[in-house]
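The values are calculated or read from the model by the stated rules, or taken from the named source; none is laboratory data. Remember, it's a predicted structure, so these values are computed and weren't measured experimentally. Here the Cβ positions follow ideal geometry from the backbone for every residue, glycine too, while neighbour counts run over all protein chains shown.
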Amino acid sequence: MTSDHIAHPLLIGIANIKMSTCLKLSSNLFMLTALLPVPKFIHEKKHMHGILEDRLIHQCLDIVLKSVKTAARLGVMMSDPDSHNCYCFTPLTGYIADTPEAAMLATVGGKTSPVTMAIYKQFSGPFQHKPCTGSTTLAQLCVVKLRVDPQDIEAFFQEAQKFCLNGVYEPFWRNILLLCPSRFLTPEVLHYLHKMFWDHDVKWCVHAIDSSELDF
């Protein structure tokens, strides 16, 4: 494994602060928690590099968020703005990420929805698919682990692909109380709003009323 002098910043903030305040850079409401490594692997098969990178990110998040997991499960004393001590719990309520990163965090394949059970061939379907729950993913991983040793990366990945998983065998969220990727992976503006509008809504309108009418 080799690496350049670059890293992926992990920021953490509190969910009960108004978004208008959070968006102000001067408020400093997002704290730099860790710098996650961006490695270059030297495995002879290039498609294994992505799997190794995904596994490393989950292992790093496992370490960095250890105290948050403990606080979510057991609680921790924290002071409020009035300096009163409160017994608090810290669940992960949202993880802001783009679509490829969201798929990696949910441990699903790149052409699979990170929040539903739909694969790319079903994205244009007319009905809503079931949510991609953490319990379902963990159950699928248990089946794969029974069949293949997770340390045999290539064999594990091939078996995991049958469930549309990406080869990560220990998701960082597996032991956080009441946590589910379909809930904490919030929609991001570029893919869920902007690209969805241009790739779907605009095309529907053009088909319905013609492009010249839409331009008018």
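Points to keep in mind about this one:
- Scanning the stretch 132-142 for residues that are assigned to a loop (DSSP other than H, G, I, E, B) and crowded, with 18+ Cβ neighbours inside 10 Å gives a single hit, Cys132.
- Test: Ile57 is closer than 24 Å to Asn175 by Cα, in contact with an Asp or Glu (Cβ under 8 Å, 6 or more places away or on another chain), surrounded by 11 or more Cβ atoms within 10 Å (Cβ to Cβ) and not hydroxyl-bearing (Ser, Thr, Tyr): no
- Candidates Gly13, Gly50, Gly75: the one that is within 17 Å of the chain's Cα centre (by Cα) and either charged (D, E, K, R) or more than 20 Å from Pro171 (Cβ to Cβ) (or both) is Gly13.
- Counting only helices (runs of 4 or more DSSP H) wholly contained in the stretch 1-96, the ones carrying 2 or more residues that are touching a residue at least 12 places away in the same chain (Cβ under 8 Å) and among the aliphatic types (A, V, I, L, M) occupy 47-64, 66-74.
- Residue within the stretch 3-15 that is touching a helix residue (DSSP H, G or I) at 6+ places or on another chain (Cβ under 6 Å), of a type in the set (A, V, I, L, M), modelled with pLDDT of 80 or more and under 21 Å from Leu92 (Cβ atoms) present: no
- Any hit, the stretch 177-188, residues being buried (at least 18 other Cβ atoms within 10 Å of the Cβ) and in a loop (DSSP other than H, G, I, E, B): yes
- Flag for Phe89 being in contact with a Lys or Arg (Cβ under 9 Å, 6 or more places away or on another chain), surrounded by 14 or more Cβ atoms within 10 Å (Cβ to Cβ) and either at pLDDT 85 or above or of a type in the set (D, E, K, R) (or both): no
- Top-ranked residue of the stretch 92-131 - restricted to ones that are over 20 Å from Cys164 (Cα atoms) and not hydrophobic (A, V, I, L, M, F, W, C), ranked as surrounded by the most Cβ atoms within 10 Å (Cβ to Cβ): Tyr95
- The stretch 143-174 - residue that is without any contact (Cβ under 8 Å) to a residue 24 or more places away in the chain and either acidic (Asp, Glu) or closer than 25 Å to Val64 by Cβ (or both) and, of those, surrounded by the fewest Cβ atoms within 10 Å (Cβ to Cβ): Gln151
- Taking the numbered list (1) farther than 27 Å from Asn175 by Cβ; (2) under 16 Å from the mean Cα position of the chain (by Cα) in turn, Met19 passes all entries but (2).
- Checking each residue in the stretch 103-117 for being out of contact with any Cys (no Cβ under 7 Å at 6 or more places or on another chain) and either modelled with pLDDT under 85 or outside any loop (DSSP other than H, G, I, E, B) (or both) picks out Ala103, Met104, Leu105, Gly110, Lys111.
- Residue match in the stretch 158-170 (condition: farther than 26 Å from Met31 by Cβ, at pLDDT 85 or above and basic (Lys, Arg)): yes
- Lys121 passes every criterion in (1) over 19 Å from Ile57 (Cβ atoms); (2) modelled with pLDDT of 85 or more; (3) not in a strand (DSSP E or B) apart from (2).
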